[in-house]
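Trainee: Dropping a structure here in structure tokens format, bear with me for questions.
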Amino acid sequence: MKERMRRQRIRPVRLVCICLAAGAMLCGCSRQETTKTISLPEVKQQEKGIPGIIINNIREYVYDGHSEDHLQLSFEERGADAVYLLRYGEKGYTYRKIDINTKKTINETFVDERTLFNIQIAPGGRYFSYEAETKANAPELVLFLAEEGRSVVLREWTECLQGFSYVWSDDGTKLFSWQDGEDYAFLPDNDWSVTCYDMESLQEDDEGRLSIEKTVIQMKGGGYAWRHVLPNADGSKVYVRVEYETFSDSKKRESMQRNAEREKMMQENNVNKVDWGNEGEKKVAENWLLLPDSHEKKKVEEYAKEPVCPVKYTTKGLYYQSEDGKLFLAENIEEKPSVTELFSVANPEICICSEGDHLFFIEWTDDMQTLQLSGVRMDGAKPTAKQVLYKEKCESAAYSVTADDSAVILKVHEYLGEDKYAFKITKLGY
């Protein structure tokens with residue numbers, strides 16, 4: 001599902017605040033780093049019903065850099081005084097832990113001199129994974145451990161590498177990987193798998209070698225498809241949805257536009273031409289619930305008649321979005337799904353907490369120049385009124401909810417010219 005951006009007029013909510021600002025230049029560093037804490041006055045709870053989302057403090061971390069510094073960053077979960085920052089320099093990548101109060105680097109560890117791909121920082125920043133090529137041009141998946149300052153190879157490939165996707169559980173203890181379903185260099189009926197790497201199983205042998213247990217759950221191939229893998233907060237349950245290219249007319253048109261690319265990649269990889277079947281035939285999507293600890297794989301009932309984009313698998317249920325922008329909640333997804341339509345969202349950039357109680361989404365106003373973060377709190381399966389929580393002029397943004405469901409982390413940047421950028425990380429506590 002392609003991203004959609006629509007403008008929407010919403011009355012802003014003004015926040016009266018007291019600002020405490022501090023700025024300093026790091027010794028021996030030409031990039032300026034500043035922090036700012038904004039304390040907001042107490043807001044009285046609503047007299048009846050469930051209150052909305054109340055922002056009670058704002059913390060900012062700002063630094064200037066270059067395009068190679070536009071990498072991932074994570075706030076430390078245990079306390080709000082440190083951030084983890086991955087940067088690229090002349091000798092390669094380094095991972096820094098920074099105290100945002102003193103603006104001092106607590107520790108800095110060299111990571112790798114190779115070019116890194118598919119970088120995924122775990123919530124809390126203690127781990128991050130990446131792909132890189134070896135000297136033998138054989139790709140590998142690597143896990144870096146921030147506190148230990150060491151890395152361990154999770155997987156090595158000796159043959160043509162399929163495209164892989166990755167996602168961390170909200171608590172940062174499990175990493176999941178799976179083969180993309182749109183790789184036209186491979187036959188459509190190739191089987192695939194969902195792999196779980198458990199950080200809590202980290203061990204060191206007598207020779208000092210690190211190892212991590214992994215659980216592989218095999219999935220059957222059934223044609224080129226859109227694959228969605230959504231773990232719950234601690235990764236003990238994983239929702240999987242597979243939508244095939246013939247699932248709807250809209251996706252059929254999209255796949256037909258890519259037939260030329262498909263044929264070219266097949267020729268380059270010596271894959272024989274296959275019969276794609278009746279392009280107009282609708283093929284039902286598949287839904288699964290995986291339990292990595294017990295290696296179980298359970299088929300889940302279908303809950304949608306049209307193509308959908310799963311957003312978040314929470315304790316409240318599965319949130320998903322339709323092609324026309326409507327957000328739905330499917331409760332009791334494991335047994336008998338019960339679907340409730342919630343509201344329309346201008347684009348699919350929706351962020352939801354692990355419990356499913358707080359929903360956040362970004363909209364763009366002022367001719368796409370201003371980011372507007374809005375929030376909705378759920379009362380059971382019913383949403384309360386939408387609130388505008390924060391506004392920021394920027395060019396692009398990424399955001400997430402902390403594992404303890406206490407804050408939204410907003411990451412934005414703005415181009416200053418001559419390959420210079422202003423980066424800002426904002427933590428909105430609620």
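Trainee: One residue is enough: does the stretch 374-382 have a residue meeting the conditions touching a residue at least 24 places away in the same chain (Cβ under 8 Å) and within 25 Å of F423 (Cβ to Cβ)?
Mentor: Within the stretch 374-382, one or more residues are touching a residue at least 24 places away in the same chain (Cβ under 8 Å) and within 25 Å of F423 (Cβ to Cβ).
Trainee: Among residues belonging to the stretch 350-376 that are of a type in the set (F, W, Y) and under 26 Å from I333 (Cβ atoms), point out the one that is modelled with the lowest pLDDT. Working first, answer last.
Mentor: First, pick out the residues of the stretch 350-376 that are of a type in the set (F, W, Y): 360-361, 364.
Remaining after also requiring under 26 Å from I333 (Cβ atoms): 360-361.
Details: F360: 94, F361: 90.
Across the stretch 350-376, the extreme among qualifying residues is F361.
Trainee: Identify, please: which residue in the stretch 209-245 is open to solvent by 50 Å² or more (accessible area, probe 1.4 Å) and polar (S, T, N, Q) and is, among those, nearest to F144 (Cα to Cα)?
Mentor: Taking the stretch 209-245 as the starting set, the residues that turn out to be open to solvent by 50 Å² or more (accessible area, probe 1.4 Å) are 209, 211, 213-214, 216, 218, 220, 234, 237.
Imposing the further condition that a residue be polar (S, T, N, Q) reduces the set to 211, 218.
Numbers: S211: 12, Q218: 26 Å.
By that ranking, first place goes to S211.
Trainee: What's the total number of residues in the stretch 98-128 that are loosely packed, with under 13 Cβ neighbours inside 10 Å, part of a strand (DSSP E or B) and at pLDDT 90 or above?
Mentor: Residues in the stretch 98-128 being loosely packed, with under 13 Cβ neighbours inside 10 Å, part of a strand (DSSP E or B) and at pLDDT 90 or above: 2 in total.
Trainee: Continuing with the same structure: For the stretch 324-429, give me every one of the strands (runs of 3 or more DSSP E) that falls completely inside it and has 2 or more residues that are of a type in the set (D, E, K, R) and open to solvent by 40 Å² or more (accessible area, probe 1.4 Å).
Mentor: Values: elements: 326-331, 338-344, 350-352, 358-365, 370-379, 387-393, 396-401, 407-417, 420-429.
It comes to 326-331, 370-379, 387-393, 407-417.
Trainee: Now a separate question. Taking the stretch 39-97 as the region of interest, how many residues are open to solvent by 50 Å² or more (accessible area, probe 1.4 Å), at pLDDT 65 or above and among the small types (G, A, S)?
Mentor: Number of matching residues: 1.
Trainee: In this structure, does E182 turn out to be out of contact with any Leu (no Cβ under 8 Å at 6 or more places or on another chain), under 26 Å from E108 (Cβ atoms) and charged (D, E, K, R)?
Mentor: Working: out of contact with any Leu (no Cβ under 8 Å at 6 or more places or on another chain): yes; under 26 Å from E108 (Cβ atoms): no; charged (D, E, K, R): yes.
When the stated conditions are applied, E182 does not pass them.
To keep it simple, each residue is scored yes or no on (1) over 24 Å from R209 (Cα atoms); (2) open to solvent by less than 60 Å² (accessible area, probe 1.4 Å); (3) touching a residue at least 40 places away in the same chain (Cβ under 8 Å).
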position	(1), (2), (3)
L143	no, yes, yes
A146	no, yes, yes
R150	no, no, yes
V153	no, no, no
W157	no, yes, no
W168	no, yes, yes
L175	no, yes, yes
W178	yes, yes, yes
G181	yes, yes, yes
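Trainee: Can you tell me which residue is nearest to the chain's Cα centre (by Cα) among those in the stretch 189-208 that are surrounded by fewer than 19 Cβ atoms within 10 Å (Cβ to Cβ) and in contact (Cβ under 8 Å) with a residue 12 or more places away in the chain?
Mentor: Of all residues in the stretch 189-208, those surrounded by fewer than 19 Cβ atoms within 10 Å (Cβ to Cβ) come to 189-191, 193, 198, 200-208.
Imposing the further condition that a residue be in contact (Cβ under 8 Å) with a residue 12 or more places away in the chain reduces the set to 189-191, 193, 198, 200-202.
Values: D189: 28, N190: 26, D191: 25, S193: 20, D198: 18, E200: 21, S201: 23, L202: 24 Å.
Selected residue: D198.
Trainee: V238 is checked against (1) in contact (Cβ under 8 Å) with a residue 12 or more places away in the chain; (2) of a type outside the set (D, E, K, R); (3) farther than 19 Å from H295 by Cβ; (4) touching a strand residue (DSSP E or B) at 6+ places or on another chain (Cβ under 8 Å) and fails just one. What number does that condition carry?
Mentor: Every condition holds for V238 apart from (3).
The values are calculated or read from the model by the stated rules, or taken from the named source; none is laboratory data. Bear in mind the structure is a predicted one, so any value in this text is a computation, not a measurement. Cβ coordinates were reconstructed from backbone atoms using ideal geometry, including for glycine residues, and neighbour counts include every protein chain displayed. For accessibility, only protein heavy atoms count, side chains too; no ligands or nucleic acids. Shrake-Rupley method; radii C 1.70, N 1.55, O 1.52, S 1.80 Å.
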